[in-house]
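Q: Sending over a structure as structure tokens; questions will come in a sec.
Readers should treat all values here as calculations from the given coordinates under stated rules, not as data from a laboratory. Keep in mind the model is a prediction, meaning the values are calculated, not measured. Counting neighbours? That spans all protein chains shown, and the Cβs are built from the backbone with ideal geometry, glycine included.
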Amino acid sequence: MSEQKLFSEFPPVTTEQWEEKIKQDLKGADYEKKLISKTPDGIVIRPYYRSEDTENIGFIDALPGNYPFVRGTKKNDNAFEINSNIFVEDYGNANKKAKKTTERGADGIGFFICHKETVSENDIEILLSGINPEKTRINFISGKNSPEIFKNFLKICEKHNFNPEKVKATFNFDPFGYKTVTGNCYNPGNISKDFLLLKEMTELLGTKYPQIKIVNINGVFFADAGSFPVEELAFSLASANETIAEAEKVGINPEYLIPKMMFTFGTGSNYFIEIAKLRAARLLWAKITEIWTGKKDTGQMFINSTNTSYNKTAYDPYVNQLRNTTEAMSAIIGGTDVLTVKPFDLPYKKPDDFSERIAQNTGIILREEAYFDKPADPSGGAYYIENLTEQIAEKSLNLFLEIENNGGYHKALKTNFIQDKIKENARKRDLNIALRKEILLGTNQYPNVNEKISEDINPNVYNWSLPVSDNTDTEPIKLYRGAAAFEKIRLQTEKSGKQPVVFLLTYGNLAMRKARATFAQNFFACAGYKIIDNNGFESVEEGVKQALKSNADIVVACSSDDAYPETVPEIKKLLGDKAITVIAGYPKERVEILKSQGTEHFIHVKSNVLETLQKFNEILL
């Protein structure tokens with residue numbers, strides 16, 4: 001049978017022809033401004049990609065399972081483990097919960113024990129009773145308790161004669177990560193002593209337990225502090241690189257340590273970039289470890305992906321589950337080894353059985369019903385993904401090298417280079433959220449106006465939060481959620497006992513009044529105000545009359561720019577001091593006229609929503 005070329009009846013179209021057609025359709029508009037976007041960390045996104053855009057990508061011919069592992073560490077599939085975290089308050093109860101969780105389909109259990117002062121062998125015995133670490137990966141999220149827990153875990157394994165070749169466990173030993181979040185080392189002021197502890201752990205471990213990971217580089221800390229993917233990746237790799245360097249100083253062979261390391265990355269909602277981030281991470285780690293060992297087969301990065309807490313909200317919390325789902329998809333397509341989906345209600349309360357089950361089932365559905373574990377590197381060859389991977393890798397490498405050339409991660413932390421970068425990122429993101437350039441659905445856009453939260457919103461210890469040290473020698477980074485400032489305003493409204501009333505005075509041009517009424521409703525609902533919408537009034541007198549009847553605190557003029565100079569002064573006069581007049585829109589050519597007539601308040605697409613609502617709360621509550 002002769003080879004038949006698909007679509008051969010269609011003539012090929014060159015890039016030049018595409019570009020010419022695009023310019024015609026733009027009708028003189030700026031191509032760069034209209035169709036090319038740039039993320040805050042410098043990733044350039046073009047409107048389309050073609051096969052020629054992958055010609056100069058150095059890793060494009062790599063196969064799944066082969067160096068530099070950009071396409072994953074597995075050759076034949078995309079298998080991943082489903083992990084569920086359990087906060088350990090009582091060891092017996094945590095054990096019962098863990099067994100129930102494995103019965104529901106979890107492959108691994110993460111025991112959160114950071115808050116415990118000491119953890120004895122008996123504590124671990126109770127925690128693991130009836131759980132076989134040969135079949136279920138045990139992940140200890142334990143901070144400075146890692147060495148103690150590690151020793152006791154090995155004792156339990158020896159006591160119960162578990163097969164060392166099959167035992168699967170990870171330990172959260174991460175001195176630089178701990179210092180980044182708390183302000184000091186496990187042993188205050190003595191990073192070398194921390195690595196002597198690591199040496200003890202490696203000597204105990206030897207070569208008996210090949211599937212145990214003892215070092216966990218917590219990149220999720222950076223994501224939860226507001227960092228963008230490039231910074232999260234660069235800082236994580238710099239921390240990992242210095243961990244190897246410090247370990248070598250105390251006599252730990254890099255070739256031995258590297259396979260005992262893992263990374264926990266925070267997955268955000270920028271779908272394709274998060275896919276590319278994990279691919280770039282493996283690529284760069286393979287290059288870094290090759291320099292340390294001289295070998296290409298040691299750099300197979302082991303990744304645990306968890307949802308970042310930064311973009312999660314207390315209001316409209318079920319939206320968090322939607323975020324969790326797309327983030328889980330990004331992590332799996334990107335080739336994560338372990339998937340940890342956080343409960344959707346984590347930002348504001350301890351998760352219950354319902355939210356924990358939904359979180360776990362997210363991964364199970366993606367694996368068992370959507371078959372995400374079947375194709376190796378499902379995004380491989382996609383022109384867009386390959387270009388994103390290359391850009392993230394290049395920019396992360398440049399930042400990594402900048403840190404290395406200036407003394408490494410620890411020095412960058414002590415000189416506040418890391419902290420200042422993160423603060424600048426967080427400032428940009430906070431401003432974007434305040435301006436609604438970055439949307440947190442249900443919080444700064446399209447809020448549920450009938451929703452109330454009856455309790456305070458407190459960060460849960462599940463959220464990787466560690467207590468800031470009493471004896472800091474560096475400034476800790478701040479872990480927080482981008483929605484927190486908006487939530488504070490809305491909670492302030494709820495607790496005041498008064499719900500300000502916003503009356504939308506709609507009149508004039510039908511299209512304009514509807515559009516501006518919708519905008520104003522979303523704007524003021526973010527503060528928890530009561531919104532009274534209207535179909536439209538024949539005159540402003542009629543509208544003001546209804547506004548006064550409703551006891552409105554704010555009356556928003558919703559009409560066309562042309563109508564405002566004549567009608568707004570009349571509205572203000574009829575209202576007197578009984579309500580605040582606000583204009584929906586910003587009629588540039590008429591603003592000065594309106595201001596001279598006494599109008600103070602305008603809401604529009606360039607408004608800082610957060611600051612505006614804060615001011616109204618000060619006036620009204």
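Q: What FRET efficiency comes out for LYS33 versus TYR271 if R0 is 25 angstrom and r is the Cβ-Cβ distance? Round to the nearest 0.05. Walk me through the numbers before you get to the answer.
A: On the way: r = 24 Å, r/R0 = 0.95.
Between LYS33 and TYR271 the formula returns 0.60.
Q: Of the cross-linked pairs LYS159/LYS260; LYS452/LYS530; LYS287/LYS421; LYS144/LYS277, which ones have a Cα-Cα span greater than 21 Å in the structure shown? List each step's numbers first, then the result.
A: Working: LYS159/LYS260 23 Å; LYS452/LYS530 12 Å; LYS287/LYS421 25 Å; LYS144/LYS277 29 Å.
Too far apart for the 21 Å limit: LYS159/LYS260; LYS287/LYS421; LYS144/LYS277.
Q: Find which of THR306, LEU413, PRO351 sits farthest along the positive direction of the dipole of region 283-428, computed with +1 on the beta-carbon of Lys and Arg, -1 on that of Asp and Glu, about the Cα centre.
A: Value: LEU413.
Q: Something else about it: Give me, ordered by chain and number, the residues 5 or more places off LEU63 or on other chains with an amide H under 5 Å from its own placed amide H.
A: none
Q: Further question: If a paramagnetic tag sat 7 Å from the Cα of LYS578 along the Cα-Cβ line, which residues of region 469-510 would have the backbone N under 18 Å from that point?
A: Answer for region 469-510: 500-506.
Q: Computed from the mean reciprocal separation of all distinct C-alpha pairs, what Kirkwood hydrodynamic radius does region 498-620 have, in Å? Show your work: numbers first, answer last.
A: Details: mean 1/r = 0.0709 Å⁻¹.
14.1 Å is the Kirkwood radius here.
Q: While we're looking at this one, here's another question. Going by amide H atoms built from the backbone, whose H comes under 5 Å of the H on PHE87, apart from near neighbours?
A: It is PHE112, by chain and number.
Q: Amide H neighbours of THR170 under 5 Å, counting only residues 5+ apart in sequence or on other chains, H built in-plane at 1.01 Å?
A: Sorted by chain and number, the residues that satisfy this are ILE138, ASN139, PHE140, LYS213.
Q: Rounded to the nearest 20 Debye, what is the dipole magnitude of the chain about its Cα centre when Lys and Arg each give +1 and Asp and Glu each give -1 at the C-beta?
A: On the way: 78 positive and 84 negative charges, 152 e Å.
Roughly 720 debye for the chain.
Q: Sort 129-138, 22-31, 547-556, 175-184 for me by packing, meaning the mean count of neighbouring Cβ atoms within 10 Å per residue, highest on top. Please report the intermediate quantities before stating the final value.
A: Values: 129-138: 17.0, 22-31: 10.2, 547-556: 20.5, 175-184: 24.2.
Top to bottom by mean Cβ count within 10 Å: 175-184, 547-556, 129-138, 22-31.
Q: Residue-wise, which Karplus ³J(HN,Hα) couplings in Hz belong to region 118-134, taking 6.51 cos²θ - 1.76 cosθ + 1.60, θ = phi - 60°, and x for glycine or proline?
A: Each residue of region 118-134 in turn: 9, 9, 8, 4, 5, 4, 5, 4, 5, 4, 9, 4, x, 10, 9, x, 6 Hz.
Q: Can you pull out the trypsin sites (Lys or Arg not before Pro) in region 285-353 whose DSSP state is coil and whose Cβ has at most 12 other Cβ atoms within 10 Å?
A: Numbers: sites: LYS287, LYS295, LYS296, LYS312, ARG323, LYS349; in loops: LYS295, LYS296, LYS312, LYS349.
In loop regions of region 285-353 (DSSP not H, G, I, E or B), the sparsely surrounded trypsin sites (Lys or Arg not before Pro) are LYS295.
Q: Among ASN163, PHE112, TYR271, whose Cα projects farthest towards the positive end of the dipole of region 81-411, with charges put on the beta-carbon of Lys, Arg (+1) and Asp, Glu (-1)?
A: Projecting each Cα onto the dipole axis, the largest value belongs to ASN163.
Q: In whole Å, what is the distance between the alpha-carbon centres of region 251-291 and region 322-353?
A: Here the two parts' Cα centres lie 20 Å apart.
Q: Could you let me know the centre-to-centre spacing of region 77-109 and region 1-53, using Cα atoms, in angstrom?
A: Taking the Cα centre of each part, region 77-109 and region 1-53 sit 47 Å apart.
Q: Right, another one. For region 494-515 and region 122-143, what is the centre-to-centre distance using only Cα atoms, to the nearest Å?
A: 56 Å
Q: Hey, if you put +1 on the Cβ of every Lys and Arg and -1 on every Asp and Glu Cβ in region 498-620, which of LEU505, PRO565, SER539 ends up farthest toward the positive end of that dipole?
A: Farthest along the dipole direction, towards plus: LEU505.
Q: Shifting gears a bit: Assign unit charges at the C-beta atoms only (+1 for Lys and Arg, -1 for Asp and Glu), then state the dipole size of region 1-119 relative to its Cα centre in Debye, rounded to the nearest 20.
A: Numbers: 18 positive and 20 negative charges, 110 e Å.
Result for region 1-119 is approximately 520 debye, rounded to the nearest 20.
Q: Quick one: of the DSSP bridges fully inside the chain, what percent are antiparallel, nearest 5? Show your work: numbers first, answer last.
A: Working: 2 of 50 bridges.
Taking every DSSP beta bridge within the chain, about 5 percent pair in antiparallel fashion.
Q: Here's something else I'd like to know. May I ask you to derive the relative contact order of region 81-411, considering only C-alpha pairs under 8 Å and at least 6 residues apart, and to give it as an integer percent?
A: Details: 563 pairs, mean separation 51.4, N = 331.
For region 81-411, the relative contact order is 16 percent.
Q: If the chain between SER496 and ILE45 were fully stretched, how many nm would it gain, using 0.36 nm times the residue separation less the Cα-Cα distance? Spell out each step's value before the answer.
A: Values: separation 451, 0.36 × 451 = 162.36 nm, distance 4.51 nm.
Fully extending the segment from SER496 to ILE45 adds 157.9 nm.
Q: Counting Lys and Arg as +1 and Asp and Glu as -1, what is the net charge of the other residues whose Cβ lies under 9 Å from the Cβ of ASP373? Don't jump to the answer; show the numbers that get you there.
A: Numbers: positive: ARG367, LYS374; negative: ASP77, GLU368.
Around ASP373, the surrounding residues sum to 0.
Q: If I take R0 = 45 Å and measure r between the Cβ atoms of GLU566 and LYS478 in this structure, what FRET efficiency does the formula 1/(1 + (r/R0)^6) give, to the nearest 0.05?
A: 0.35
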